Amino acid sequence: MNHPYESELKALKRSGRYRERRIRDSALIDAASNDYLGLAENRELHLKACETLSAYPDHAPKASMLVNGYHPIHAAFERALCEANGFEAGIVMGSGFNANIGLIEALIRKGDVLLMDEEYHASGVAGSRMCEGEVVFFPHNDVSTLEKELIRSSGKRTIVAVEGIYSMGGDCVSREIIELAVKYEAILILDEAHSSGVIGESLMGILDYYAIAPTPRMIKMGTLGKAYGSFGAYVLSSAHISDYLINRAKNVIYATAPSLYDTALAHHSLIFIQTNVKILREKIKIRQRIVREILGIDVPGLIVPIEIGDNREVIELQKQLKNELGIEVGAIRQPTVKKAILRLITRLDIDEAVLVQVCERLTQIWVK
């Protein structure tokens, strides 16, 4: 039998970087997924989405948004997102990965300069390799280096790309970086996949967190498959930039419009978050306090990265927690991260006593 990639697979196994898919074990406590608020398990939201969908004769988008796939369900959710986040216009998209690639490939044209944080998500890095402009990666959250690059930039347009909360480090983008982008009139892309629904007075993300009003040069990309407990993504911006993306973003022009069920589900999740913001914020604070007091780690959101360093050791620790406590945590290895980490997600569905137990066990098996 011909195995054309056998040597590559063997190398991955030797280095401890081999990956496998495993069907999720519902008997385990989920501390690995990005369902931060536990809304993916909220039966009431599912039923409301089904009810919304049942009011229409169709249940699928059937075509791209620019043919006849743009549905009232899409439009209603876009309006609600704009109102909640203070932006002029929005576009729902198929996934966060899809949105980042389409967004960055469309925005950065010949003669433009893209300044991207070195820890930006792989989807954005993939998009940067497809764009026509100059791409510069600056050290993570390095304010002084970014300012030097902004001063040096002679591009027709300068675009800065950062994340609200970084998916592996769990830390926020520096407020100064946002302020620099405004000062130098750069277009600012905020990937809010892990911050929207988790931080801010209204749980709307990093701008809400810093109490910064959106400007016409800011773009917010968020996903629906994390705090919103659904699937898909959205891009919020000025009407001008939204109009441009509708005409240039390939993932909008050539892809079938997003699922109607997932869009309706995310809309009901948004309403749920807005209605229960005080309760949700208090639950988030409690989990942050447990992590800080037991593990000595201060996090702005619900991602707790625990550096292990060794690819094989992180897998063994993951198995140990699963076998002893019946809990699933993420074991993230290179090249996704520079050094292997256990990634503990302190989801709101996890009982506080269980989280305390997990954190206490981690202090016993984790050597700082």
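The values are calculated or read from the model by the stated rules, or taken from the named source; none is laboratory data. Keep in mind that what you see is a predicted model, and the values were worked out from it rather than measured. Cβ sites come from the backbone with ideal geometry, for glycine too, and all protein chains shown count toward neighbours. Accessible surface is based on the protein model in full, side chains and every heavy atom, while ligands, DNA and RNA are left aside. Shrake-Rupley method; radii C 1.70, N 1.55, O 1.52, S 1.80 Å.
Considering the conditions (1) of a type in the set (A, V, I, L, M, F, W, C); (2) open to solvent by 40 Å² or more (accessible area, probe 1.4 Å); (3) in contact with a helix residue (DSSP H, G or I) (Cβ under 8 Å, 6 or more places away or on another chain), LEU39 is excluded by exactly one of them, (2). One residue is enough: does segment 162-173 have a residue meeting the conditions open to solvent by 10 Å² or more (accessible area, probe 1.4 Å) and at pLDDT 95 or above? Taking every residue of segment 162-173 in turn, at least one turns out to be open to solvent by 10 Å² or more (accessible area, probe 1.4 Å) and at pLDDT 95 or above.
Within segment 190-211, is there a residue that is of a type outside the set (Gly, Ala, Ser), surrounded by 15 or more Cβ atoms within 10 Å (Cβ to Cβ) and more than 19 Å from the chain's Cα centre (by Cα)?
So in segment 190-211, the residues of a type outside the set (Gly, Ala, Ser) come out as 190-192, 194, 198-199, 201, 203-204, 206-210.
Filter once more, so that each one left must be surrounded by 15 or more Cβ atoms within 10 Å (Cβ to Cβ): 190-192, 194, 198-199, 203-204, 206-210.
Restricting the remaining residues to those that are more than 19 Å from the chain's Cα centre (by Cα) gives none.
No.
Here is the figure for segment 103-119: residues that are assigned to a helix (DSSP H, G or I) and β-branched (Val, Ile, Thr) total 1.
If the condition is being in contact with a helix residue (DSSP H, G or I) (Cβ under 7 Å, 6 or more places away or on another chain), within 16 Å of LEU81 (Cβ to Cβ) and open to solvent by less than 10 Å² (accessible area, probe 1.4 Å), then segment 230-251 contributes GLY232, ALA233, TYR234, VAL235, LEU236, LEU245.
Candidates in segment 252-261 are the residues that are surrounded by fewer than 22 Cβ atoms within 10 Å (Cβ to Cβ) and of a type outside the set (Ser, Thr, Tyr); of these, the one that is farthest from THR52 (Cα to Cα) is ILE253.
Looking across GLY86, GLY90, one residue alone is small (Gly, Ala, Ser), in contact with a helix residue (DSSP H, G or I) (Cβ under 8 Å, 6 or more places away or on another chain), buried (at least 19 other Cβ atoms within 10 Å of the Cβ) and within 20 Å of ASP191 (Cβ to Cβ). It is GLY90.
Counting the residues of segment 291-347 that are under 19 Å from ILE29 (Cβ atoms), at pLDDT 95 or above and loosely packed, with under 15 Cβ neighbours inside 10 Å gives 0.
Does segment 130-145 include one or more residues that are of a type outside the set (Lys, Arg), surrounded by 19 or more Cβ atoms within 10 Å (Cβ to Cβ) and under 19 Å from the mean Cα position of the chain (by Cα)? Yes, that holds for at least one residue.
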